[in-house]
There are 2 protein chains.
Amino acid sequence: MRALARAITLVERRDPGVRELEEALRTGAKSPGVAGFTGAPGTGKSTLVDAVIAFLRNQGSSVAVLATDPNSPFTGGAILGDRIRMQRHALDGKVFIRSMGARGHLGGLSLATREAIRLLGAFGFDQVILETVGVGQSELEVAAVADTTVVVLTPNLGDSVQMIKAGILEIADVFAVNKSDIDGHARVVAELRTMMNMAPKTPWRPPTVPTIATRGDGVDKLWEAVLQHRRHLESSGRATELVAKRLRDETAEVAAELARDRTRRALEEDAGLAERLLRDGTPYRTAEEILDRTDN
Amino acid sequence: MRALARAITLVERRDPGVRELEEALRTGAKSPGVAGFTGAPGTGKSTLVDAVIAFLRNQGSSVAVLATDPNSPFTGGAILGDRIRMQRHALDGKVFIRSMGARGHLGGLSLATREAIRLLGAFGFDQVILETVGVGQSELEVAAVADTTVVVLTPNLGDSVQMIKAGILEIADVFAVNKSDIDGHARVVAELRTMMNMAPKTPWRPPTVPTIATRGDGVDKLWEAVLQHRRHLESSGRATELVAKRLRDETAEVAAELARDRTRRALEEDAGLAERLLRDGTPYRTAEEILDRTDN
């Protein structure tokens, strides 16, 4: 657990040691199943993820949770919540919970998350859950990294036009309508199912599962929907494609990060270049020149 | 207007022509004032931006609105809304409204937006407004690009803990509490002001402005707060720093994009390299090798 925690800190800090870690592990395409949980604050997403942990532990699976977090000085609430959860599972060697901060790097979260998932696979975890904290930073990134994206909604979310505006329908592989004991639940479930029926035909139609996270109700059906989606990925050949695609994406993101670093360094060290950029306003020319230097 | 619309299409498509456009315009550090409006769906953000457009036109300023949009097949609602707005201002040569799609590029929205802003400056627009559509994709990017970020809240947002979780407090330069004619408004304004007072001392303390967008109430005070923040940026020397920083950021992002493209191309064209990546799971080594090739 400690070695894993330290390795994840390296990828999160974008430490140069990641390069050596990669060589040491040589994980290849091996990758655990990744389910992403996303949804607006107040939907009970964290409670639902807790219920899923309990369910999976009951079945004997090991489970790792990566909670993605914008990691600002103001996020005390979220961090506190994670600490409480971590304490509850502190003695369970088959549960690993970790907040991953974006640390101001736009796009950096997704790369660190991809690398952390490969590490969790190398350390033998059966199931990985990605959970977004709050809104506005990571829904799309989670969908890009997870095999299966579970979108958590509640009956009191607001009207359906707002849901469409939020652009979350197209990232969902499974819908969980949580707090299904409160008013308006049947309407939201019906609306979602109607919407899915109206959408263009696709090989996978996202099912809608009602849950009450605080009581653990519906969690078995929710996980069954996740596994069904995973089987769909495997039988359609999508799973193999996804593994290869993710490694290519990760490589492209590492290259982007290296290029970004080289550019910043060049603009710091070469005052003439930085001045010309400011005078002419030519980011393309400057970026090309820096990348084409052979002394990087 | 047509030339501008075409130029923005080029940057949005990441067309190679952007390189030549850059050379032709040589905009340098010249940049219009950029105010970003962000907030959850249902806060009346679009209506508020409309009221700001009317206010600025009344004052004789030209104004361009870039609405950032995840641009999916499901976002019909948002696109329709923009079209209605566009029609209303279609005959006004001093208003330019445009949806900017992310087109599946994580991080791509921010680069295209930066470039579009430089174009709007070159075409003589006085004020640029960035508006996020929906949640989950662009709040942080807007804050990274705008001079002044206006976070729009409503009294029915939910409790303050959820607001902290959402991580929007630290990106706000100005708070607009919209729909200030409904219940709970005084409490939200008071909570925000208390929170700002409890936060660590900073040279700029975000003011909270109550608005009723549907009636245009408070829009003058809101814009005055935006201008105050802009004056603060200028008097503190932050404005000059921001211009230079943004050009460096844009250059780094262009370099990242070029590196990403080169990597994808190399992995497509070099089957041996792609196979080794899949076998060994070594994105770092592969990315470095590709960037260090001299034949890119």
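Points worth noting:
- Test: residue in the range B:125-138 that is over 22 Å from B:F55 (Cβ atoms), at the interface with chain A (Cβ under 9 Å from one of its Cβ atoms), open to solvent by 10 Å² or more (accessible area, probe 1.4 Å) and at pLDDT 70 or above: no
- In the set (1) open to solvent by 10 Å² or more (accessible area, probe 1.4 Å); (2) farther than 26 Å from B:T240 by Cβ, the condition left unmet by B:T43 is number (1).
- Just one of the listed residues (B:G184, B:G272, B:G216) is open to solvent by 20 Å² or more (accessible area, probe 1.4 Å), touching a residue at least 60 places away in the same chain (Cβ under 8 Å) and either over 30 Å from A:T282 (Cα atoms) or touching a helix residue (DSSP H, G or I) at 6+ places or on another chain (Cβ under 6 Å) (or both), namely B:G216.
- The one condition in (1) modelled with pLDDT under 95; (2) under 22 Å from B:L56 (Cβ atoms) that B:A225 fails to fulfil: (1)
- Sole residue being in a helix (DSSP H, G or I) and within 25 Å of B:T113 (Cα to Cα), chosen from B:R187, B:R193, B:R262: B:R262
- Only one entry in B:E275, B:E224, B:E234, B:E269 is within 11 Å of another protein chain (Cβ to nearest Cβ), out of contact with any Lys or Arg (no Cβ under 6 Å at 6 or more places or on another chain) and of a type in the set (D, E, K, R), namely B:E275.
- Residue ID - least open to solvent (accessible area, probe 1.4 Å), chosen from residues in the range B:171-181 that are of a type in the set (A, V, I, L, M, F, W, C) and not in a strand (DSSP E or B): B:A172
- Restricting the range A:2-18 to residues that are in contact with a helix residue (DSSP H, G or I) (Cβ under 9 Å, 6 or more places away or on another chain), closer than 16 Å to A:I117 by Cα and open to solvent by 40 Å² or more (accessible area, probe 1.4 Å) leaves a set whose member that is farthest from the other protein chains (Cβ to nearest Cβ) is A:R13.
- Selection from the range A:244-261 of residues that are surrounded by fewer than 22 Cβ atoms within 10 Å (Cβ to Cβ), closer than 16 Å to A:G121 by Cβ and at the interface with chain B (Cβ under 8 Å from one of its Cβ atoms): A:A244
- Selection of the range B:196-213 for residues being aliphatic (A, V, I, L, M) and either surrounded by fewer than 13 Cβ atoms within 10 Å (Cβ to Cβ) or part of a helix (DSSP H, G or I) (or both) yields B:M196, B:M198, B:A213.
- All positions within the range B:99-121 that are facing another protein chain (nearest Cβ under 9 Å), open to solvent by 10 Å² or more (accessible area, probe 1.4 Å) and modelled with pLDDT of 80 or more: B:R114, B:R118
- Selected residue (criterion: surrounded by the most Cβ atoms within 10 Å (Cβ to Cβ)) from residues of the range A:275-296 that are polar (S, T, N, Q) and under 15 Å from B:R293 (Cα atoms): A:N296
- Of the numbered criteria (1) farther than 29 Å from B:K245 by Cα; (2) in contact with a Pro (Cβ under 7 Å, 6 or more places away or on another chain); (3) at pLDDT below 85, the one B:L192 fails is (2).
The values are calculated or read from the model by the stated rules, or taken from the named source; none is laboratory data. Every value quoted in this text rests on a predicted model; they were computed, and no experiment measured them. In this analysis, Cβ positions are derived from the backbone assuming ideal geometry, glycine residues included, and neighbour counts consider all displayed protein chains. For the accessible areas, the whole protein counts, side chains as well, though only heavy atoms, and no ligand, DNA or RNA atoms are used. Shrake-Rupley method; radii C 1.70, N 1.55, O 1.52, S 1.80 Å.
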